[in-house]
Every structure is written in C-alpha cells, then in structure tokens.
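One structure is given below, encoded as structure tokens.
Values quoted throughout were computed directly from the atomic coordinates according to the rules given, and no laboratory measurement underlies them. Nothing here was measured: the structure is a model prediction, and the numbers come from that model. FYI the Cβ positions are ideal-geometry reconstructions off the backbone, even for glycines, and counts take in every protein chain you see.
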Amino acid sequence: MANFIRFMGIRAILAVVTLLIVSFIVFSLMEFVPGDCAERYLAYKNTQGQSLTMEDIDAERARLGLDQPFIYRWVTWVSGAFVGEFGDSCILRVSISQLLGSKFLISAGICFAALLVAYLVAIPVGIYAAASRNPVVNNILRFVSYLGLALPNFLLALIIMLIATVYFGDSMSGLFSKEFRDAPWSMAKFLDFLSRAWMPIFILGWSATAFALQTVRALMLDEQSKLYVTAARARGLYGRQLLWRYPARHALGPIVNSLGFDLNRIFNELPIVAVILTLTEAGALLLEALARSNDQQLAGAIIFLLTATIVGLNFITDIALALLDPRMRNSVMGGRG
Amino acid sequence: MQTVTQKSKEAYFTASQGQLIWSRFRKQKAAMIAGFILVTLILLGVFADFVGPYNPTISGANKDYTNGAPQMPMFCDHNGCSARPFIYGVKRERSFATNFRWVSTIDTEDRRYVQWFVKGDDYKWFGVTFNRHLFGVEGGTIHLFGTDDTGKDIFSRTLHAIKTSLAVGTMGVVISFVLALVIGGIAGYYGGVIDGVLQMITDAIRTVPAIPLFMALAAFVPDTWSAEMRFFFISIILGLIGWPTLARRVRTHLLVERTQDYVLAAQLSGAGSGHIIRRHLLPSFTSYIIVDLVISFPYMVLSETALSFIGLGLKDPVTSLGVLLQNTTNADVLLNYQWYFIPVLFFVALVMAFVFVGDGLRDAADPYSEAKK
C-alpha cells in the first residue's frame with residue numbers, strides 16, 4: 001500500500017510539473033502577443049469616447065502589476081491558476097472564473113460524453129472487426145474510419161446544421177431553447193439541455209470514434225497473432241470467450257492510455273464545432289475572446305483549463321491502469337515502485 | 001523455369017530499399033488508386049494557372065455570370081451530335097417580363113465549342129508571363145463548377161485552393177520536420193538525462209490542445225498584414241503544431257536502430273561510424289521518415305482548413321480550401337447554389353488520398369509486413 005501511495009505521489013508530481021511547463025509556455029506566448037492588457041483596456045475605453053494619455057496607461061499597468069518582472073508575474077498567475085483563480089478578463093473586467101463558471105463545466109461534460117460514446121462504439125466494433133476475417137467488413141470499417149479524418153467534425157457539423165435549417169426549419173443550434181436560455185437550472189431546463197446536447201456530442205464523437213476504432217482494431221490484431229492466443233486456442237477456447245478473456249484484456253492498457261490524446265483531439269475540434277453550432281461554451285468563448293477582443297487573459301485561462309483537464313485525465317488513467325492491470329499492479333505494489 | 005525463379009530471387013535479394021518498398025506498395029490496390037488520385041490532384045494544383053481557365057481572384061471574375069450554375073460540356077443535344085464538346089451560351093437580361101431583375105437564361109440554340117490551348121488571363125511562371133490555358137470556349141466563358149456570388153470561377157478557384165493548401169502543408173511539414181529532427185535527434189542521440197528532460201517537455205507540449213492555442217496566436221495577427229505574410233505565419237504555426245509527434249518518432253527510430261544487431265554486425269566487420277550512418281542507419285530510417293511526413297500531411301491540410309474556416313487563417317484574395325469551405329456556411333447555398341460544395345469533395349478526396357497513400361507506404365516500408373501475414 002505504501003508503494004501504491006508512492007506511485008500515486010510520483011504521478012501527481014509529474015502531472016503538476018507538466019502543468020507548470022504548459023503554463024509557462026502558454027504564459028510566455030500570451031506575453032509575446034503585441035500589446036498588453038492595460039493598453040488593450042484603455043484602447044477599448046478610448047473607443048467609448050474617453051481620451052487617455054500615456055500616464056493613464058502606465059498607472060493602469062502599475063495597478064494590474066504589469067510593471068513587475070516576467071517571472072514574478074508568471075508565478076503569481078500560476079499560483080492563482082492552480083486554485084482556479086485567473087484574475088480579471090482584460091476587457092470585460094469581470095472575474096474570469098465567474099465568466100467561465102458553468103460554461104466550462106458544460107463543455108467539458110459534452111467532451112467527456114463524446115469520448116464515452118466514441119469508446120462505447122469503438123471497442124465492440126473494433127474487436128469484432130479485428131476478429132472477423134471478412135474482407136468486406138474490414139474494408140468498410142477502414143473506409144469509415146478514414147472518413148472520420150477526411151470528413152472532419154466541422155464539416156459534418158456544417159452539413160447537419162444546413163440540412164436541419166433547410167428541412168426542419170429549426171437550426172438546432174445553441175444548447176438551450178429560447179425559454180430556458182437565462183432561466184436557472186431546473187429539471188425542465190436539464191431535459192431541454194439533453195434534448196439538444198446529443199448533437200454536439202454526436203458530432204464531436206464522430207472523428208473520435210473513427211480514431212478509436214482504428215486503435216482498437218490495430219491493437220487487437222497485434223495481440224491476436226501472439227503465441228498465448230494460439231495456446232489458448234489449442235486448449236479449445238474459441239469465439240467470444242477467447243477474445244474477451246485474453247487479447248481484449250491485453251489491449252486494454254494501451255486503449256486506456258490513449259484516452260488522454262483522444263480528449264486532446266476532441267478539445268481541438270471543440271471551438272470550431274462550437275462556432276458552427278453557436279454553442280455558448282468555452283470553445284466559442286475562446287474564439288470570441290480572441291477574434292473579437294484580443295483578450296489574452298481569458299484565452300490563457302481557457303487553454304490552461306483545457307490542458308489541466310487532459311493532464312487530470314491522464315493522471316486518473318495512469319492510476320486506474322495500475323489498479324486494473326495485474327502486471328502493472330504487481331510492479332507498483334511489489335516493491336519496485 | 002528454374003532460372004526464372006532464380007532470377008526473381010536474385011532480383012529480390014539485390015533490390016534497393018526503394019525498389020522493395022515500391023514492389024510492396026504496388027500490390028496494394030487501394031493505396032495505388034489513392035496514389036493515382038493524389039498525383040492527379042497535386043498536378044492539377046501545381047499547374048492550376050494553366051489548367052484553370054480564369055484568374056481565381058476578383059480580377060478574373062465574370063460579372064455577367066454571378067452565382068452561375070456549372071456548365072458541363074456535352075456532345076449531343078436536340079440539334080444532333082458533334083465531336084467537339086460544347087456548352088450553351090447564356091443570355092442575361094432584365095426587362096418588364098422579369099420584373100426588372102437580372103435573369104440569366106440558357107440559349108440552347110447558341111452552341112459554344114470548347115477550344116484547347118486558348119489565350120486568356122496572364123499568369124507568371126518563373127518570372128515569365130504566359131497567357132495560354134488548357135481549355136476555354138470561343139466568344140464566351142466556361143465555368144465547369146459554376147461561379148460564386150462575385151462571378152469568380154469555382155473550378156479555377158478549386159485548383160488554386162489545392163495549390164495553396166498543399167503549399168501551406170508543405171511548408172508546415174518542412175518546419176515541423178526540421179524541429180523534430182533537431183529535437184528528436186538530440187534526445188535520441190544523447191539519451192540519458194537530456195533525453196528524459198526533452199521527453200518531458202515534448203510530452204507537456206503534446207498535452208496542450210494545439211488548435212485552441214494556435215487560434216489564440218492567429219487571432220493576434222494584425223489586419224494590416226498582407227496575404228503573403230499571413231500565409232507564412234499560418235505555415236509556421238502549422239509547423240509548430242506538428243513537431244512533437246514527429247520528434248517522438250525520430251527519437252524512437254534512433255534509439256531502436258542504434259542498438260540493432262545489424263549495426264553491431266557492421267561494427268564487428270570493421271565499418272567506421274560514418275559508413276554505418278550512411279550505408280545502414282540512414283537508409284533504414286529515411287523510409288520511415290518519409291512515411292511519417294506523408295502521414296502528417298493531411299493533418300496540416302486539415303488544420304489550415306479549420307483555421308481558415310473560422311476566419312483566423314488565410315483570407316481572400318488568397319484562395320485555399322478553408323477559404324472556399326467558408327463560403328458554404330449559409331443555408332442559401334444549400335438551397336440554391338449547391339455547386340459551392342464542389343470544393344468540399346476535392347478537400348475530402350485530397351485528405352482521403354493522403355491517408356490511404358500514407359497507410360500504404362507505412363505497410364510497404366515495414367520489412368516485416370509480409371512476415372506478419
């Protein structure tokens with residue numbers, strides 16, 4: 001048990017170090033961007049009819065702490081970020097955690113749901129495809145999984161959207177119907193949400209499914225040609241019993257490990273799909289923060305949160321794998337750490 | 001008979017790496033078809049100026065045929081057949097009968113024959129100006145894929161879009177390849193602590209969702225930048241997206257190959273390290289690298305398209321696939337101007353072709369692929 005705790009500790013430290021590196025990169029990139037928060041805010045004020053001088057900008061800079069050295073500001077930002085406090089948005093002047101709030105949770109929920117759907121489809125189908133000697137089945141599946149790449153989510157979203165608009169008259173966009181958009185959470189609102197959320201979940205899950213399908217199939221094919229499968233077959237095991245008992249369990253490890261990268265892929269697609277479907281969640285907010293107002297504070301916060309989610313998932317899958325996989329369990333518990 | 005098999009065996013054992021890969025690649029039907037399509041698309045893109053009858057920018061627009069339907073050349077109609085394909089002329093008029101709106105009508109009596117190598121808009125190749133185009137019609141215009149709302153020829157635009165997207169992708173691949181070679185090479189060559197640290201940084205970067213991050217950067221491109229500057233900037237961004245995955249592969253290749261038995265055998269035979277690197281390591285390596293580059297290419301094209309699609313990438317007057325896809329984002333297009341979607345098909349075909357060829361190459365480059373089956 002002590003070993004397991006140590007293993008968890010090392011993984012946790014690694015995760016935190018990863019996040020630190022990421023935060024440093026994100027923070028530096030946001031620094032490189034021409035113009036800082038003070039200038040941007042005051043330029044915005046300028047457009048509202050107030051005239052401002054250089055002194056005002058310098059005063060604003062001092063107030064925001066932008067005159068401090070780079071490393072100092074990074075440390076402040078990071079220590080805030082780890083407790084979910086990202087300071088104020090550059091232009092809107094509202095606390096970012098308030099601005100993001102439930103929006104981030106909703107989008108993360110949608111992404112996880114998409115991931116879940118992807119694997120619920122991919123694991124049985126992938127195992128079946130790998131076991132099947134039928135060339136037609138295999139070729140169709142190959143074609144479909146390539147199509148997942150060649151017909152990216154945003155194209156799929158676009159096509160579905162257009163068809164829905166033209167033939168059903170309802171744009172299907174947005175996560176809530178009009179009457180619920182600003183209402184507080186209730187059972188009715190939740191049901192309304194579910195009735196609309198399946199669309200983004202399906203669209204985001206589409207390429208993820210295609211990729212997962214390929215991963216599962218390739219892993220199963222690799223495992224099936226191994227000697228232990230032949231040995232099991234020689235003992236008289238066959239069919240589903242054989243598949244689930246041996247190769248599927250072996251393939252589980254790499255599949256669990258690939259979850260983090262699949263989530264990464266879904267996050268990549270999120271902003272674009274969100275724009276097309278006009279969802280009001282983190283992805284679209286990011287685009288708005290960037291394209292319309294150049295709000296680097298908000299953008300940095302969103303990217304940090306997305307990465308933190310992936311790092312968190314990777315941490316959880318590592319731990320889960322250590323518990324699930326007997327080989328890993330032994331090496332973790334068995335003293336070598 | 002004996003000699004024939006002997007000969008083919010000899011040919012097999014003395015074949016170069018390239019010949020072996022090619023002979024394995026040729027056996028895969030899907031990859032060969034995809035390869036054929038890919039080469040066709042690339043050639044169409046490279047010779048876009050020549051094959052496309054009109055200039056893809058606003059200067060080549062046909063103001064008398066805006067939002068015009070595709071004109072497919074045909075051989076036969078009610079007036080009989082002709083060996084030379086033709087299209088119908090279009091009349092544009094507005095009168096009391098049309099409620100004073102511009103209305104285009106097709107005049108089926110007015111045949112316009114397709115001509116080869118016609119003179120048209122000027123274009124430049126290596127500093128020399130040409131004006132010959134592969135085809136055109138006499139006394140009028142031909143728009144195979146129709147025109148958009150300003151009268152730009154969608155066929156010409158599609159070809160130029162393929163060219164731009166391929167160029168951006170190539171630049172991106174080259175940049176990420178150089179980065180990957182340097183970083184992965186250092187990690188794989190030195191190993192140990194340096195490898196550990198570099199791996200940690202690479203992995204950290206790999207966890208950042210690339211598109212949101214680079215959206216953030218692309219959004220700060222000032223509007224005053226010229227089309228060329230944007231083009232280079234987007235290519236650099238794409239290169240930065242791609243390198244971690246490639247670097248990891250380079251490192252793994254290096255680490256694996258360095259300890260292979262054949263390297264040891266060569267060393268024992270007294271080969272110098274220069275000879276080993278040149279004659280053994282590099283050939284074993286290049287095929288994998290080429291495969292990796294081909295595989296990462298569609299992701300570049302996809303990323304460019306995605307960035308341009310949301311308006312953060314390339315913009316008019318540059319014509320890229322993403323820019324063309326952006327034009328399809330309204331319901332009017334689906335209802336009335338379906339030909340706007342033709343570039344989408346080219347995009348899907350291009351990405352699919354790349355993926356199939358990449359997969360075929362990967363199988364062909366793997367010397368153990370035959371042993372596995």
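Observations
- On Cα atoms only, tilt of B:342-365 relative to the major axis of chain B in degrees: 20 degrees
- For A:Asp88, A:Asp262, A:Asp318, order by how many other beta-carbon atoms lie within 10 Å, fewest first: A:Asp88, A:Asp318, A:Asp262
- Summing Lys and Arg as +1 and Asp and Glu as -1 over all other residues whose Cβ lies under 14 Å from the Cβ of B:Phe354 gives a net charge of -2.
- Shape call, the range B:239-301: gyration tensor on alpha carbons, a/c limit 1.5: prolate
- Cβ crowding within 10 Å averaged over residues, with A:136-143, A:115-122 ranked highest first: A:115-122, A:136-143
- Burial order of peptide ranges B:77-88, B:20-31, B:157-168 (average beta-carbon count within 10 Å, highest first): B:157-168, B:20-31, B:77-88
- Rounded if a/c under 1.5, otherwise prolate or oblate - the range B:146-232, Cα gyration tensor axes: prolate
- Summing +1 for each Lys or Arg and -1 for each Asp or Glu among the other residues whose beta-carbon sits under 12 angstrom from that of B:Phe145 gives 0.
- Ranked for footprinting exposure by Cβ neighbours inside 10 Å, fewest first, B:Thr170, A:Thr18 give B:Thr170, A:Thr18.
- Entries in B:Lys119/B:Lys315; B:Lys63/B:Lys152; B:Lys29/B:Lys163; B:Lys91/B:Lys152; B:Lys27/B:Lys163 that, when Cα-Cα distance is taken, lie over 20 Å: B:Lys119/B:Lys315; B:Lys29/B:Lys163; B:Lys27/B:Lys163
- Förster-model FRET efficiency, 51 Å R0, A:Arg245 and B:Arg26, C-beta, rounded to 0.05: 0.80
- Long-range HN-HN contacts of B:Val137 with modeled amide H, under 5 Å: B:Gln115, B:Ile142
- Approximate spin-label separation A:Leu20-B:Thr259, in nm, with each point projected 7 Å along Cα-to-Cβ: 3.0 nm
- For residues of A:306-314, the mean tally of beta carbons on other chains within 10 Å: 3
- Pairwise label distance in nanometres, A:Phe143 with B:Leu134, each label 7 Å out on the Cα-Cβ vector: 2.7 nm
- Electrostatic tally near A:Phe261: other residues with Cβ closer than 15 Å to its Cβ, Lys and Arg +1, Asp and Glu -1, net 0.
- Extending 7 Å from the Cα toward the beta-carbon at both B:Phe47 and A:Asp222 defines two label points whose distance is 4.3 nm.
- Residue ranges B:176-182, B:149-155 sort as B:149-155, B:176-182 when ordered by packing (mean number of other C-beta atoms within 10 Å per residue, highest first).
- Exercise: per-residue mean of other protein chain Cβ atoms within 10 Å, B:200-207: 6
- Note that the range B:160-171 has calculated 3J(HN,Hα) couplings of 5, 5, 4, 4, 4, 5, 5, 5, 4, x, 4, 4 Hz, one per residue in order, obtained from phi through the Karplus relation 6.51 cos²θ - 1.76 cosθ + 1.60 (θ = phi - 60°); glycine and proline are x.
- In percent, rounded to a whole number, the relative contact order of chain B is 21, using alpha-carbon pairs under 8 Å and six or more apart.
- For the range A:302-309, 3J(HN,Hα) computed residue by residue from phi via the Karplus equation (6.51, -1.76, 1.60; θ = phi - 60°) reads 5, 5, 4, 5, 4, 5, 4, 4 Hz, glycine and proline entered as x.
- Were the residues from A:Leu237 through A:Tyr167 laid out at 0.36 nm apart, the gain over their Cα-Cα distance would be 20.0 nm.
- In degrees, nearest ten, helix B:282-309 long axis to first principal axis of chain B (Cα): 30 degrees
- Residues A:Arg217, B:Arg111, ranked from the fewest to the most other C-beta atoms within 10 Å, line up as B:Arg111, A:Arg217.
- As a calculated quantity, the FRET efficiency between B:Asp332 and B:Lys91 at R0 = 25 Å, using C-beta atoms, amounts to about 0.55.
- Exercise: per-residue mean of other protein chain Cβ atoms within 10 Å, B:353-360: 2
- FRET E, pair A:Arg73, A:Asn330, Förster distance 41 Å, beta-carbon r, rounded to 0.05: 0.35
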